[in-house]
Amino acid sequence: MMEYKEYFTEEHELLRKLARDFCEKEFTKEVLDEIEESGVFPEELKVKMGKAGFYGVKIPREYGGAGSDNRGYVAVLEEFARVSATASIYMNSPNSLGGGPLLLSGTEEQLRKYLVPVAKGEKRMAFGLTEPGAGSDAGGTQTLAEEDGGCYVLNGRKAFITEAPEADYAIIYAKTDPAQRGARGISAFIVDMHAPGVSTGKPERTMGLIGDSVSDIILEDVRVPREDMLGEKNKGFLNAMKTLDYGRIGVAAQSIGVAGAALEETVKYMKERKQFGQPLEKFQALRFMAAEMATKLEAARSLVYRAAYPKDMNQPASMECSMAKYYASEACNEICAKAVQIHGGYGFTKDYKVERLYRDCRIFTIYEGTSQVQQIVISGQLFK
């Protein structure tokens, strides 16, 4: 890995080392294999991550977090994804989609009541935006919230919600003014997942990220107190879009973490594996493939780190974050595909790590805004 001293301080690098040491100690091959076989991420590991402070890396200290910045967050998330993409999901959620909406729009009372326990790992918060008929078209939300006395009554269904089966709360986006078309008239609510009328669908069986719990959230006449509306009425869509804007850099960091692991595994394999009487590293065609993988990885890293820096300087970075997410996720898919190819038949078996990396990386170009959505964002910035 090249050095990026222009972006990272000594404190950032110490945080990175802390994350790397934790991951390499806790997420052994035996542990990761068991997660793949059982489909369950151990509760004791979630507790350890919380006690180590990883759920609140970039959440302010006054709300239970570590108080680091976006560069520290990116460094930690990259290290988690390098060892386990599933672990990186659990680490990322409170710092991004779980805690982000609260940091953007929460009142002091809401921050104390909901964000503090989430940052400490005592509670879990899901992000409920996507619906069966509203994926990339998030403005097509059909979930309704009707005012009734001191409450709002919510009815609808959210789809593909990360950690929904184990969440204590969820940020739910619902129409409070159906007369307004598209993204207008949507409000955000903090919903107690144990409240009457809230249920989850069957857990999704996903291609990758085994051990991460994903399901629908079903809302049937769920009464939410008025004080649990998040932000202004009918302004919830803006909260969701800002949250995703900030969250894209997280997916980009996950992408370079997984891609880095794929390159490491490939280099090691090429040095050990022999064909035609010599190691694979002696074959120019394979060396050139590895060179392309390394070049794309460093280009992706540069974009990700470059996007984190202006955010920490309170400068606009929407286009930079979209570029980082777009390029890093696409590069990660290419790098993992080449890793499997170089491993040959072994790369198609579960005995080798690249098989898991290949499955895990596929989601990065899809969730939190597909590659095509990122192209829309980038081109919109270019031609505004």
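The values are calculated or read from the model by the stated rules, or taken from the named source; none is laboratory data. Keep in mind it's a predicted model, so treat the numbers as computed, not measured. Note that we place each Cβ from the backbone using ideal geometry, even for glycine, and neighbour counts take in every protein chain shown.
Put simply, of A183, A179, A170, A174 the only residue that is of a type outside the set (V, I, T) and touching a Leu at 6+ places or on another chain (Cβ under 7 Å) is A174. The set of residues from the stretch 284-336 being under 23 Å from K5 (Cα atoms), surrounded by 23 or more Cβ atoms within 10 Å (Cβ to Cβ) and of a type in the set (V, I, T) comprises just one member, V304. Within the bounds of the stretch 93-105, is there any residue that is over 19 Å from the mean Cα position of the chain (by Cα) and either under 21 Å from G257 (Cβ atoms) or buried (at least 24 other Cβ atoms within 10 Å of the Cβ) (or both)? Taking every residue of the stretch 93-105 in turn, none turns out to be over 19 Å from the mean Cα position of the chain (by Cα) and either under 21 Å from G257 (Cβ atoms) or buried (at least 24 other Cβ atoms within 10 Å of the Cβ) (or both). F160 meets all of the listed conditions (1) in a helix (DSSP H, G or I); (2) more than 21 Å from K233 (Cα to Cα); (3) of a type in the set (F, W, Y) but one, namely (1).
Please verify whether Q315 is under 24 Å from the mean Cα position of the chain (by Cα), over 20 Å from G208 (Cα atoms) and outside any helix (DSSP H, G or I), treating the condition exactly as stated. Here the answer is yes, as Q315 does meet what is asked.
Output the number of the condition that T141 fails; it satisfies all remaining conditions of (1) more than 25 Å from K48 (Cα to Cα); (2) at pLDDT 95 or above; (3) buried (at least 19 other Cβ atoms within 10 Å of the Cβ); (4) of a type outside the set (F, W, Y). Among (1) more than 25 Å from K48 (Cα to Cα); (2) at pLDDT 95 or above; (3) buried (at least 19 other Cβ atoms within 10 Å of the Cβ); (4) of a type outside the set (F, W, Y), T141 violates only (2).
Name the one entry in G208, G201, G185 that is surrounded by fewer than 22 Cβ atoms within 10 Å (Cβ to Cβ), of a type in the set (G, A, S) and touching a helix residue (DSSP H, G or I) at 6+ places or on another chain (Cβ under 7 Å).
Values: G201 fails: touching a helix residue (DSSP H, G or I) at 6+ places or on another chain (Cβ under 7 Å); G185 fails: touching a helix residue (DSSP H, G or I) at 6+ places or on another chain (Cβ under 7 Å).
None of the other options fit; the residue is G208.
One residue is enough: does the stretch 290-300 have a residue meeting the conditions in contact with a Phe, Trp or Tyr (Cβ under 8 Å, 6 or more places away or on another chain) and either polar (S, T, N, Q) or within 22 Å of R359 (Cβ to Cβ) (or both)? Lay out the reasoning, then the answer.
Taking the stretch 290-300 and keeping what is in contact with a Phe, Trp or Tyr (Cβ under 8 Å, 6 or more places away or on another chain), we get 299-300.
Going one step further and asking which of them are either polar (S, T, N, Q) or within 22 Å of R359 (Cβ to Cβ) (or both), we end up with 300.
Within the stretch 290-300, one or more residues are in contact with a Phe, Trp or Tyr (Cβ under 8 Å, 6 or more places away or on another chain) and either polar (S, T, N, Q) or within 22 Å of R359 (Cβ to Cβ) (or both).
Scanning the stretch 265-292 for residues that are free of Cβ contacts under 8 Å to residues at least 60 places away in the same chain and either in a helix (DSSP H, G or I) or in the same structural domain as V83 (by TED's automatic domain parsing) (or both) yields a count of 15.
The residues on offer are V304, V251, V258, and the sole one that is closer than 23 Å to G135 by Cα and modelled with pLDDT of 95 or more is V251. Total residues in the stretch 125-143 satisfying the condition of being touching a helix residue (DSSP H, G or I) at 6+ places or on another chain (Cβ under 9 Å) and not in a loop (DSSP other than H, G, I, E, B): the figure is 8.
Being buried (at least 21 other Cβ atoms within 10 Å of the Cβ), part of a helix (DSSP H, G or I) and in contact with a Lys or Arg (Cβ under 7 Å, 6 or more places away or on another chain) narrows it down to one residue among I217, I256; which is it?
Numbers: I217 fails: part of a helix (DSSP H, G or I).
Sole residue among the options that is buried (at least 21 other Cβ atoms within 10 Å of the Cβ), part of a helix (DSSP H, G or I) and in contact with a Lys or Arg (Cβ under 7 Å, 6 or more places away or on another chain): I256.
Candidates in the stretch 335-353 are the residues that are out of contact with any Phe, Trp or Tyr (no Cβ under 8 Å at 6 or more places or on another chain) and in contact (Cβ under 8 Å) with a residue 40 or more places away in the chain; of these, the one that is nearest to S255 (Cα to Cα) is I335. Name the pairs whose Cβ atoms lie under 8 Å apart, with the first residue in the stretch 162-177 and outside the structural domain of G106 (by TED's automatic domain parsing), the second of a type in the set (V, I, T) and at pLDDT below 95, and 6 or more positions between them or separate chains? The qualifying pairs are Y173/T141; A174/T141; K175/T141. Could you please find all residues in the stretch 62-83 being farther than 20 Å from E109 by Cα, charged (D, E, K, R) and in a helix (DSSP H, G or I)? Those that are farther than 20 Å from E109 by Cα, charged (D, E, K, R) and in a helix (DSSP H, G or I): R71, E78, E79, R82.
Pairs only if they're at least six apart or on different chains, beta carbon under 9 angstrom, first in the stretch 134-158 and closer than 14 Å to V198 by Cβ and of a type in the set (A, V, I, L, M, F, W, C), second at pLDDT 95 or above and in a loop (DSSP other than H, G, I, E, B); list them, first residue then second. Close Cβ pairs (under 9 Å, with a partner that is at pLDDT 95 or above and in a loop (DSSP other than H, G, I, E, B)) amount to A145/T176; V153/G197; L154/T143; L154/G197.
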